[in-house]
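Have a look at the structure below, then the notes.
The values are calculated or read from the model by the stated rules, or taken from the named source; none is laboratory data. Predicted model, so just to flag it, every value in this text is computed and none were measured. So basically every Cβ, Gly included, is an ideal-geometry build from the backbone, and we count neighbours across all protein chains shown. Accessible surface areas use protein heavy atoms only, side chains included; no ligands, DNA or RNA. Shrake-Rupley method; radii C 1.70, N 1.55, O 1.52, S 1.80 Å.
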Amino acid sequence: HADQMFGGLVLLLCGDLSQLPPVGDKPLYYNGEAALTPAQSQGRALYAQFKECYFLTESMRQQGPENERFRGELRRLANGTFTIDDWRRWEERSFDRLSEEEQVRFHTEGVKLCGRNVDKVTYNEDGIKRCNTPILVIKAEENNAEARNASDSEGELPRQVPVCKGADVVLTDNLWPEMGLINGSKGTVTHIVFQEGMHPGNGMPHFIVVAFPDYLGPSFLPDHPGTVPIFPRTAEWKVGTKQCK
């Protein structure tokens, strides 16, 4: 299908029109008078191939009458009409104005946004330590030096994963979408299982049991609702002519 756009694949573009435009670049839909670079022109030509457009108009995260005021504030923030009164109400929820109980809850339960991946490491490590259970650091097994020297992104798997019973984890694969096991599903580790004769000193776990609250299928452990076994995964890629695993 080399003669077809995108090799004949069906592509969907998803975006938020309320986001700021790219820094130091032009959006794909740019149609102003400024000269475009070859790459920008190519991107705009590809963007023009998308013929159908759908606007999502219903907020799925802030539903219900109790969130009506908040929805309005978000709308004004998005379209540039955010008011001083809006800002003053949001200022009341500044971290240093929260009660000590709310501050602790934010630290332990709140979702954090980080500008860099490295910024989340300390927070995640602190969360694992708060479980007060032994921590197992699972290290990847590589088949050659090239694989050992590769970055996490090349094999699309982390080089090491710290885990313990009680730790909160996030699924990174669509294991069983029909039953609610999708990329982004959150769960809690309940068991770390090794094969007979194996232990943390001589190999990685056979599987890890995770309880997912939104899982709809049969539980792996009858006395633990929502439990699913998560097995190690193998990634394969090439570095030059070397097959890495």
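ALA147 satisfies every condition listed in (1) more than 24 Å from ASN183 (Cα to Cα); (2) open to solvent by less than 50 Å² (accessible area, probe 1.4 Å); (3) out of contact with any Cys (no Cβ under 6 Å at 6 or more places or on another chain); (4) not polar (S, T, N, Q) except (3).
Assess whether LYS186 counts as being in contact (Cβ under 8 Å) with a residue 60 or more places away in the chain and open to solvent by 90 Å² or more (accessible area, probe 1.4 Å). Considered against the rule, which asks whether it is in contact (Cβ under 8 Å) with a residue 60 or more places away in the chain and open to solvent by 90 Å² or more (accessible area, probe 1.4 Å), LYS186 comes out as no. Looking across the stretch 156-179, the residues that are open to solvent by 90 Å² or more (accessible area, probe 1.4 Å), in a strand (DSSP E or B) and over 21 Å from MET198 (Cβ atoms) come down to ASP168, TRP176.
Per the conditions (1) open to solvent by less than 90 Å² (accessible area, probe 1.4 Å); (2) more than 26 Å from LEU77 (Cβ to Cβ); (3) assigned to a loop (DSSP other than H, G, I, E, B), the sole criterion not satisfied by ASP3 is (1). For the stretch 102-155, the set of residues classified as of a type in the set (Gly, Ala, Ser) and either touching a strand residue (DSSP E or B) at 6+ places or on another chain (Cβ under 8 Å) or assigned to a helix (DSSP H, G or I) (or both) consists of GLY127, ALA140, ALA145, ALA147, ALA150, SER153, GLY155, listed by residue number.
Being on the phi > 0 side of the Ramachandran plot, open to solvent by 70 Å² or more (accessible area, probe 1.4 Å), free of Cβ contacts under 8 Å to residues at least 60 places away in the same chain and out of contact with any helix residue (DSSP H, G or I) (no Cβ under 9 Å at 6 or more places or on another chain) is the requirement here; does GLY24 meet it? In short, yes.
Taking the stated definitions as given, is LEU136 under 16 Å from HIS191 (Cα atoms) and surrounded by 11 or more Cβ atoms within 10 Å (Cβ to Cβ)?
Details: under 16 Å from HIS191 (Cα atoms): yes; surrounded by 11 or more Cβ atoms within 10 Å (Cβ to Cβ): yes.
Yes: the conditions hold for LEU136.
Exactly one residue out of LYS51, LYS26 is more than 24 Å from ALA78 (Cα to Cα) and among the basic types (Lys, Arg): that is LYS51. Contact map, the stretch 87-101: first residue open to solvent by less than 100 Å² (accessible area, probe 1.4 Å), second residue among the acidic types (Asp, Glu), Cβ cut-off under 9 Å, separation 6 or more or different chains; pairs are ARG89/GLU73; TRP90/GLU73; PHE95/GLU102.
Let me confirm something: among LEU46, LEU13, which residue is more than 30 Å from ALA167 (Cβ to Cβ), open to solvent by 90 Å² or more (accessible area, probe 1.4 Å), touching a residue at least 24 places away in the same chain (Cβ under 8 Å) and not hydroxyl-bearing (Ser, Thr, Tyr)? Step through it out loud before you land on a result.
Values: LEU46 fails: open to solvent by 90 Å² or more (accessible area, probe 1.4 Å).
Being more than 30 Å from ALA167 (Cβ to Cβ), open to solvent by 90 Å² or more (accessible area, probe 1.4 Å), touching a residue at least 24 places away in the same chain (Cβ under 8 Å) and not hydroxyl-bearing (Ser, Thr, Tyr) holds for just one of LEU46, LEU13, which is LEU13.
If I ask for residues that are in contact with a helix residue (DSSP H, G or I) (Cβ under 8 Å, 6 or more places away or on another chain) and over 17 Å from GLY15 (Cα atoms), which ones from the stretch 57-76 would you list? So that I can check it myself, show each step before the final result.
Filtering the stretch 57-76 for residues in contact with a helix residue (DSSP H, G or I) (Cβ under 8 Å, 6 or more places away or on another chain) gives 59, 62, 73, 76.
The answer is GLN62, GLU73, ARG76.
Among the residues making up the stretch 80-101, those that are part of a helix (DSSP H, G or I) and either under 30 Å from ASP168 (Cα atoms) or acidic (Asp, Glu) (or both) are ASP85, ASP86, TRP90, GLU91, PHE95, ASP96, ARG97, GLU100, GLU101. Restricting the stretch 51-79 to residues that are part of a loop (DSSP other than H, G, I, E, B) and open to solvent by less than 70 Å² (accessible area, probe 1.4 Å), the residue that is modelled with the highest pLDDT is GLY64.
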